[in-house]
Structures are given as C-alpha cells and as structure tokens.
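Enquirer: Structure in structure tokens, see below.
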Amino acid sequence: MAASLIGGLLHKGSQPSSIAVAEPRAEACQELSRRYGVATYVDNLDAVEGASTVVLAVKPQVMADVCRQLQPQIQRQRPLIVSIAAGIRIEQMERWLGGTLPVVRCMPNTPAMIGAGATALYANGRVSPVQRAEAQHLLDAAGLTVWVPDEDQLDTVTALSGSGPAYFFLLVEALENAAFAQGLSRETARALAAQTALGAGRMLTESGESAATLRQRVTSPGGTTQAALESFGADGFNAIVARAVDAARRRGGELSQAMESNK
Ligand SMILES: NC(=O)C1=CN([C@@H]2O[C@H](COP(=O)(O)OP(=O)(O)OC[C@H]3O[C@@H](n4cnc5c(N)ncnc54)[C@H](OP(=O)(O)O)[C@@H]3O)[C@@H](O)[C@H]2O)C=CC1
Ligand SMILES: O=C(O)[C@@H]1CCC=N1
C-alpha cells in the first residue's frame, strides 16, 4: 500500500526529494530508491527525521512496536500522523507514541496502485485545517477520498472498500471458473469476466445511476439474467455478503483488541 501511495504522489507531481521511506530490508530499500527515486532508510528514526507528516503503513500487528520506537522523536517533532492500518485506533497510536498528537486515520485500497483507489479518512480534533488538506492531498493521489465523521465508521469502510477489491476478484474468479466448467477456454473466460467487471464498474461510477437501476436494465423479464438472479436469491446472496462484511468489520475490532493483549 505504501508503494501505491508513493507512486500516486509522484504521479500527481510531488518531488521524490520530499519523500523519505523506511523499510527494514536493505534490498527492498534499493528497489524503492531505484523505482521511485525517493530516499530510503532501514532505520525508521532516520526516515522520520524532520518530517512534517509521517505515514504509518505497517501491518497492525507491528504498529505498537513501531510507534514505541518512534515515540521520542515524534514527541519532539509533533508531525501529522497518518495511519492506514486496519483496526488500529487513534487512541492506541497516541498512547504508543507517548501522548496526544494530530492523527488522521484512513483506509485506502489496492486500486490506489492505478490511481483508482477509494479512501475514507477520519481526523481527530488536533488536526489543523492545513494538516487535513495535507492528508487529503496524500490520499487524493490514490483516487477517490471521502471523510467520515466518526472513527468507528472506519471499520465498516475497511469491510466495504478496504477489503472490497478482494470480493470483486473472488466473484470474477468464480465466474471464470463457472464458464470454464461449461466449456469456454480459460483465456476466453478470463478475458470476458475481467472486461465485464471493468464495464460494470465504469457504468457504476460514470452513469450516475444506482446499481439497482443498472441491474434492472440488464434483466429482461423471463430472460437469462432473471434466471441467474433468482438462483443467487434462492442461495441467500444478500445474506452471504452481509455476513462477510460483518466478519471483516468485526476483525477490525479484533486486530485492535489483539494489540492490547500483546502489550
Ligand atoms: N493490502 C491492502 O489491501 C490494504 C492494507 N491496508 C493496511 O496497510 C498496512 C500495510 O499493509 P500491506 O501494504 O498490505 O502490507 P505489506 O506487508 O505489503 O507492507 C508492510 C510494509 O511494512 C514494512 N515493515 C515491516 N516491519 C516494519 C518495521 N518494523 N518498520 C518499518 N517498516 C516495517 C514491510 O517491510 P518488509 O516487506 O520488508 O517486511 C512492508 O514494506 C496494514 O496495516 C493494512 O491494514 C489498508 C488498506 C488496504
Ligand atoms: O486484509 C486486510 O487486513 C487489509 C485491510 C484492508 C485490506 N487489506
């Protein structure tokens, strides 16, 4: 995700010299420097030195250790903290970083890699208007951004758009496999399934019409789509999706809780 954000920022005109990256593996550092021209450091403290914004893009499971390591320097510099970690709450990060700070918590997704990401952001009360604009600029480079008024909503956002690309990939895999089983070549099934996802996605974002309206327009009365949709309905499709989204939302809370029991 961090590489996607770096790529997005550079694509939108940020200078490589304005970005410093921490990455614990030396070979990965070299690759990042080669690919993006940014300064890279194996030591987190070196990357944070002098920064006005620090983006925390590590796994939730290592967030506490990384924050504690950065604590003295962060408290000296008091930069804007931007976290993309699933589940980890602002109050936890402030505690591990040694006190209150301006923090923006956000949830991007992997289409950020091609500038087609969707990110929701939440700012705590210590974030200034300038810092809010800075966080927005950072994530705008990855695609659509929306602000949510309540931190708890980020767990739902994670379950919707953070994890969401995987749900669409799963559906495309299932469609591809079903068509392959019915006799299409793997290549043809894959190309048609992927292009159908692209076309449907573009109609959703470009037509201004709801998913329900677009769905109804495909569904000729008594036709093939109706047969498929009735089969989905009989198998409890909506309930299956609602349960999956709820499982993802609950896991966000569990990731946060797990960090408390590991301390
Ligand atoms: N993947 C996704 O779709 C999304 C992920 N997120 C969130 O983004 C965060 C990162 O996820 P993702 O990009 O998938 O994970 P990755 O494992 O790809 O990225 C994590 C990065 O952190 C580095 N790292 C590991 N330990 C440390 C450390 N102690 N100090 C500094 N850097 C360290 C890793 O280096 P190395 O590879 O060398 O171990 C790696 O480059 C997570 O918190 C996740 O919840 C949010 C939205 C979507
Ligand atoms: O699966 C995860 O935990 C991360 C957060 C959202 C997408 N990937």
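Enquirer: Every residue in the range 44-54 that is closer than 19 Å to SER4 by Cβ and more than 10 Å from ligand 1 (Cβ to nearest atom), please.
Expert: Of the range 44-54, the ones closer than 19 Å to SER4 by Cβ are 47, 53-54.
Within the range 44-54, THR53, VAL54 qualify.
Enquirer: Another question, then. Go through THR156, THR205, THR145 for me and flag whichever is touching a Lys or Arg at 6+ places or on another chain (Cβ under 6 Å) and within 30 Å of VAL82 (Cα to Cα).
Expert: THR156
Enquirer: Do we find a residue being closer than 27 Å to GLN153 by Cα and either more than 23 Å from the chain's Cα centre (by Cα) or not small (Gly, Ala, Ser) (or both) anywhere in the range 192-202?
Expert: Yes, the range 192-202 contains at least one residue that is closer than 27 Å to GLN153 by Cα and either more than 23 Å from the chain's Cα centre (by Cα) or not small (Gly, Ala, Ser) (or both).
Enquirer: Still on this structure: Which residue, of ARG132, ARG95, is in a helix (DSSP H, G or I), in contact (Cβ under 8 Å) with a residue 12 or more places away in the chain, away from ligand 2 (no atom under 16 Å from the Cβ) and of a type in the set (Lys, Arg)?
Expert: Testing whether each residue is in a helix (DSSP H, G or I), in contact (Cβ under 8 Å) with a residue 12 or more places away in the chain, away from ligand 2 (no atom under 16 Å from the Cβ) and of a type in the set (Lys, Arg) leaves just ARG132.
Enquirer: Do you know which of the residues in the range 1-56 that are in contact with a Pro (Cβ under 8 Å, 6 or more places away or on another chain) and within 16 Å of ligand 2 (Cβ to nearest atom) is modelled with the lowest pLDDT?
Expert: Looking at the filtered set, the residue picked out is SER4.
Enquirer: Identify, by number, the condition in (1) crowded, with 22+ Cβ neighbours inside 10 Å; (2) within 9 Å of ligand 1 (Cβ to nearest atom) that PRO60 doesn't meet.
Expert: It fails just one condition, (1).
Enquirer: Still on this structure, I have one more. Please give the number of the condition ALA116 fails out of (1) within 16 Å of ligand 2 (Cβ to nearest atom); (2) modelled with pLDDT of 95 or more; (3) surrounded by fewer than 16 Cβ atoms within 10 Å (Cβ to Cβ).
Expert: Result: ALA116 passes all but (2).
Enquirer: Just checking, which of LEU170, LEU154, LEU144, LEU160 is within 16 Å of ligand 1 (Cβ to nearest atom), closer than 30 Å to PRO108 by Cα and not in a helix (DSSP H, G or I)?
Expert: Working: LEU170 fails: not in a helix (DSSP H, G or I); LEU154 fails: not in a helix (DSSP H, G or I); LEU160 fails: not in a helix (DSSP H, G or I).
Selected residue: LEU144, the only one of LEU170, LEU154, LEU144, LEU160 that is within 16 Å of ligand 1 (Cβ to nearest atom), closer than 30 Å to PRO108 by Cα and not in a helix (DSSP H, G or I).
Enquirer: Further question: State all residues of the range 46-57 that are in contact with a helix residue (DSSP H, G or I) (Cβ under 8 Å, 6 or more places away or on another chain) and surrounded by 14 or more Cβ atoms within 10 Å (Cβ to Cβ); if no residue qualifies, say none.
Expert: VAL48, ALA51, THR53, VAL54, VAL55, LEU56, ALA57
Enquirer: Still on this structure: Among the residues in the range 73-86, are any buried (at least 17 other Cβ atoms within 10 Å of the Cβ), within 16 Å of ligand 2 (Cβ to nearest atom) and in a helix (DSSP H, G or I)?
Expert: Scanning the range 73-86, I find no residue that is buried (at least 17 other Cβ atoms within 10 Å of the Cβ), within 16 Å of ligand 2 (Cβ to nearest atom) and in a helix (DSSP H, G or I), so the answer is no.
Enquirer: For residues in the range 12-43 being under 22 Å from the mean Cα position of the chain (by Cα) and part of a helix (DSSP H, G or I), which is surrounded by the fewest Cβ atoms within 10 Å (Cβ to Cβ)?
Expert: ARG35
Enquirer: I'd like the full set of residues that are within 14 Å of ligand 1 (Cβ to nearest atom) and outside any helix (DSSP H, G or I), limited to the range 98-121.
Expert: Pass one, the range 98-121, residues within 14 Å of ligand 1 (Cβ to nearest atom): 104-114, 116-121.
If the condition is that a residue be within 14 Å of ligand 1 (Cβ to nearest atom) and outside any helix (DSSP H, G or I), then VAL104, ARG105, CYS106, MET107, PRO108, ASN109, ALA116, GLY117, ALA118, THR119, ALA120, LEU121 are the ones that fit.
The values are calculated or read from the model by the stated rules, or taken from the named source; none is laboratory data. Keep in mind that what you see is a predicted model, and the values were worked out from it rather than measured. Virtual Cβ from ideal backbone geometry, glycine too; neighbours counted across all protein chains shown.
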